[in-house]
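Some notes on the structure that comes next.
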Amino acid sequence: MKPIRTALVTGFCMLLGIFLFSQLGHALKPTVADDQLRVPVKASVLHSIPEKHPETTVVQDGNERSPGILQIPRGQTAEYADLLNREYGVRETFPVEGPPTFSLSAYGRTLSDTLKRFAAGDWGELTSGFGSPGRPAKEIPLAGKLGGLMATTLRYLLPALAFAVFAGTAGALVASFHPRLGRLFDGVHAILLALPDFVVVCLLQLLCIFLVGQFHRPMYLIVEFNGRVPFFIPFVAIALVPGALVYGTLRIAVRREWAEDYIVTARSKGLGRSGVIVRHVFRNVADDLFAALPKATGLAVAAMVMAEVLCQIFGLGGLLDHPRYYAGDSLVTVCLVLGLVTFGLNLFYAVLKRLLHVGIREASAR
């Protein structure tokens, strides 16, 4: 039961961490610097002020559009704001933001208010329309949209993750059977790990555009349009990096096992390379596979968020930066739901590992 307990404790700590860290911003109070002022004037006017008032210093140049910063005696912002407003060319001054302060009492009140809001069934709201003149902003409860958001995201997240595990495992086994293919796979593996997620998504979008130009028909959707959600781009983007991680983990594990004494014994008894890998090696590297699955899941969720944002998909990840909706206070709920999805998958891996008795290594041939 140790893997299951570990998954439960890790999942609880992850969700608690998401909740606690997501509320930190509400406990930060803005401050105003008591020894600086912003002055939106021409550079020549700004530098003429220290000539009349030697106790001031220009900290940052500026212009009428981008205010410069003037250092003044500490604690005299109101006096110098009134003094500078009487100078030639100076129409107004602005305070300079200082470092924010953290209020522990405000943080406690925020945590309490959020828990009460969750207990009352208020999971936050989405803002639609952004208050444009022709389309006023409208608040939409997240609770009514959450089921649809999860269905959209899980539609390609779960199949892509399953495909990544299968393809990574199969690729590692094929590479072990055929060393020449293994060298080719190793090169592809290195390239995939070097590419950032957003580059992968952009390259897939360019590929779809190229296919449309070649075949003169919409082969694959690039962004969500008219209720139609892209599948190809999110699926491939989610599967690539986790699949490469699984492949790399198993390749190293197989090489490690191949040098063990029991492999030499098995081969000396006439068992072929494929037989050794299937009957002995794969059983002993299964523990490495299950150890890599939580990391692969985290990479898959991160790739999903990136793909939904770039493809403008109205899903759990797409809410982080969607052109039609602003997440606002519902962002905490979205992050917790993504954490729950990750936790559920990790718990599934732990239960499966327990049922398959993974971790008991082959020892009879040694």
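The values are calculated or read from the model by the stated rules, or taken from the named source; none is laboratory data. Source: prediction; values computed, not measured. Glycine also receives a Cβ, built like all others from the backbone with ideal geometry; neighbour counts cover every protein chain displayed. Please note that ligands, DNA and RNA were not included when accessible areas were found on the heavy atoms of the full protein model with its side chains. Shrake-Rupley method; radii C 1.70, N 1.55, O 1.52, S 1.80 Å.
The set of residues in segment 77-106 that are more than 40 Å from the chain's Cα centre (by Cα) and open to solvent by 30 Å² or more (accessible area, probe 1.4 Å) comprises Thr77, Ala78, Glu79, Asp82, Leu83, Asn85, Arg86, Glu87, Tyr88, Gly89, Arg91, Glu92. Selection within segment 38-52: residues that are surrounded by fewer than 18 Cβ atoms within 10 Å (Cβ to Cβ) and basic (Lys, Arg). The member of this set that is modelled with the lowest pLDDT is Lys42.
Within segment 41-91, the residues that satisfy the criterion of being assigned to a helix (DSSP H, G or I) and among the polar types (S, T, N, Q) are Ser44, Ser48, Thr77. Select from segment 6-24 the residues that are of a type in the set (S, T, N, Q), assigned to a helix (DSSP H, G or I) and within 17 Å of Ser112 (Cβ to Cβ) and list them in ascending order. The one that is of a type in the set (S, T, N, Q), assigned to a helix (DSSP H, G or I) and within 17 Å of Ser112 (Cβ to Cβ): Ser22. The sole residue among Gly243, Gly227 that is modelled with pLDDT of 85 or more and either over 28 Å from the mean Cα position of the chain (by Cα) or of a type in the set (Gly, Ala, Ser) (or both) is Gly243. When the residues of segment 286-333 are narrowed to those that are touching a residue at least 40 places away in the same chain (Cβ under 8 Å) and of a type in the set (Asp, Glu), which ends up nearest to Met150 (Cα to Cα)? My answer is Glu308.
Looking at Ala259, is it within 20 Å of Ala172 (Cα to Cα), modelled with pLDDT under 85 and open to solvent by 40 Å² or more (accessible area, probe 1.4 Å)? Criteria met by Ala259. You will find that of Arg74, Arg109, Arg135, the residue that is more than 15 Å from Ala327 (Cβ to Cβ), open to solvent by 60 Å² or more (accessible area, probe 1.4 Å) and modelled with pLDDT under 85 is Arg135 and no other. Taking every residue in segment 340-356 that is touching a residue at least 60 places away in the same chain (Cβ under 8 Å) and of a type in the set (Ser, Thr, Tyr) and pairing it with any residue that is part of a helix (DSSP H, G or I) and open to solvent by less than 30 Å² (accessible area, probe 1.4 Å), at least 6 positions away or on another chain, the pairs with Cβ-Cβ distances below 7 Å are Thr342/Thr297; Thr342/Val301; Tyr349/Phe290; Tyr349/Leu293. Can you tell me which residue in segment 311-366 is modelled with the lowest pLDDT, limited to those that are open to solvent by 60 Å² or more (accessible area, probe 1.4 Å) and of a type in the set (Phe, Trp, Tyr)? Among those residues, the one meeting the criterion is Tyr326. Among the residues of segment 144-178, those identified as at pLDDT below 85 and either open to solvent by 60 Å² or more (accessible area, probe 1.4 Å) or of a type outside the set (A, V, I, L, M, F, W, C) (or both) are Ser176, Phe177, His178.
Listed by position, the helices (runs of 4 or more DSSP H) contained in segment 139-247 that have at least 2 residues being free of Cβ contacts under 8 Å to residues at least 40 places away in the same chain and among the charged types (D, E, K, R) are 179-194. So is Val281 modelled with pLDDT of 85 or more and among the aliphatic types (A, V, I, L, M) or not? Answer is no for this residue.
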